[in-house]
Amino acid sequence: MHLRALFEKLSVGRRLTRRLPSDFGGLEIVVAPESGLRYWKPNVEDAEPDIFHWVRQIVGEKPRIWDIGANIGLFGLASLARNVSNREVLFVEPDIRMCCVIFESLSRMGSQRDGGLILPMACDAFVGFAEFAVSKRGTSASHLLKVVGSTQTGGTRGVRWVPTTTLDALAEEFGIPDVVKIDVETAELLVLEGAGDLLERRASSWIVEVTNETRLTVVELFKRFDYAVGDATEFSLDGRLTYSELSTNLLAVPHFAERDDGVNRGGSEVSG
């Protein structure tokens, strides 16, 4: 048995405790290495450096955060841990096992857990039900069956039916988010298709994981709604919002917000 396969087998059902970085209060959370072998690392920021960068630089003091395709919920948990007044975090995750991991983490966060809400469902272009393929490798690569998924699935462990909703429906129920993070394993176009009203409002910043196949279509969609688009990983408050054809995580901000936040549209940023 190859070493990776051995670790994947050992990871199934395993739960580990980790601490967030000191500027996130050093709070204890729970991680699941079956979601990704990177969570065996003792330092959670080493496992997911981009997530902590986004929370520091993009989320900042904004109060209402959505974590779409939350997996173990690290983006939302880190946002809650910043202890911002009246912060609300919505975790949307169709894998019920990962929802349980998020719940375990929230239970360890004291009063800050009160701002977290877990929805065990998927986002799609419509409200209803859809087939969900559970990845044989890391469960973070699980995806709606109607899309191809990433190259990291390692095959399918099984298929389940899950409830689906749209971002527009979530906004009607929970209000307009300040920041939306979308990581849905090649279903990002479907999710954005169900967010037409929300995009039209131009009140949110968006962090969207894309692939080579979806990147240009996602960029063009945001351009139609008058957003500036750049690389989320390279973004900093005192830097430039730049775009690269190799970007795997896009940041889209409304043009008026870009001016208000001091974002510079220099470099090779894509604009409308």
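The values are calculated or read from the model by the stated rules, or taken from the named source; none is laboratory data. Not measured: the values here are computed from a predicted model. Virtual Cβ from ideal backbone geometry, glycine too; neighbours counted across all protein chains shown.
For the reader, a short list of remarks on this structure follows.
- Test: residue in segment 150-170 that is over 17 Å from residue 94 (Cα atoms) and of a type in the set (A, V, I, L, M): no
- Any chance residue 169 is farther than 26 Å from residue 37 by Cβ, modelled with pLDDT of 90 or more and either surrounded by 21 or more Cβ atoms within 10 Å (Cβ to Cβ) or touching a Leu at 6+ places or on another chain (Cβ under 7 Å) (or both): no
- Hey, residue 144 at pLDDT 95 or above, of a type outside the set (S, T, N, Q), under 17 Å from residue 35 (Cα atoms) and buried (at least 20 other Cβ atoms within 10 Å of the Cβ) or not: yes
- For residue 137, the conditions (1) within 27 Å of residue 199 (Cβ to Cβ); (2) in contact with a Gly (Cβ under 6 Å, 6 or more places away or on another chain); (3) in a loop (DSSP other than H, G, I, E, B) all hold with the exception of (1).
- Any hit, segment 104-112, residues being more than 28 Å from residue 5 (Cα to Cα) and in contact with a strand residue (DSSP E or B) (Cβ under 6 Å, 6 or more places away or on another chain): yes
- Pair list, Cβ under 8 Å, 6 or more apart: segment 206-227 residue part of a loop (DSSP other than H, G, I, E, B), other residue hydroxyl-bearing (Ser, Thr, Tyr): 210/247; 210/248; 211/150; 211/186; 211/248; 213/186; 214/186
- Scanning segment 60-95 for residues that are of a type in the set (A, V, I, L, M), surrounded by fewer than 24 Cβ atoms within 10 Å (Cβ to Cβ) and touching a residue at least 40 places away in the same chain (Cβ under 8 Å) yields 81, 90.
- Residue that is surrounded by the most Cβ atoms within 10 Å (Cβ to Cβ) [pool: residues in segment 6-26 that are touching a strand residue (DSSP E or B) at 6+ places or on another chain (Cβ under 8 Å) and either among the aliphatic types (A, V, I, L, M) or over 18 Å from residue 105 (Cβ atoms) (or both)]: 20
For (1) of a type in the set (Val, Ile, Thr); (2) within 23 Å of residue 210 (Cβ to Cβ); (3) assigned to a strand (DSSP E or B); (4) at pLDDT below 90, each residue gets a yes or a no:
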position: 91; (1), (2), (3), (4): no, yes, yes, no
position: 108; (1), (2), (3), (4): no, no, no, no
position: 117; (1), (2), (3), (4): no, no, yes, no
position: 152; (1), (2), (3), (4): no, yes, no, yes
position: 160; (1), (2), (3), (4): no, no, yes, no
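- Check on residue 104, among the acidic types (Asp, Glu), outside any loop (DSSP other than H, G, I, E, B) and touching a Phe, Trp or Tyr at 6+ places or on another chain (Cβ under 9 Å): no
- No other residue among 164, 151, 139, 156 is more than 30 Å from residue 25 (Cα to Cα), polar (S, T, N, Q) and buried (at least 20 other Cβ atoms within 10 Å of the Cβ) apart from 164.
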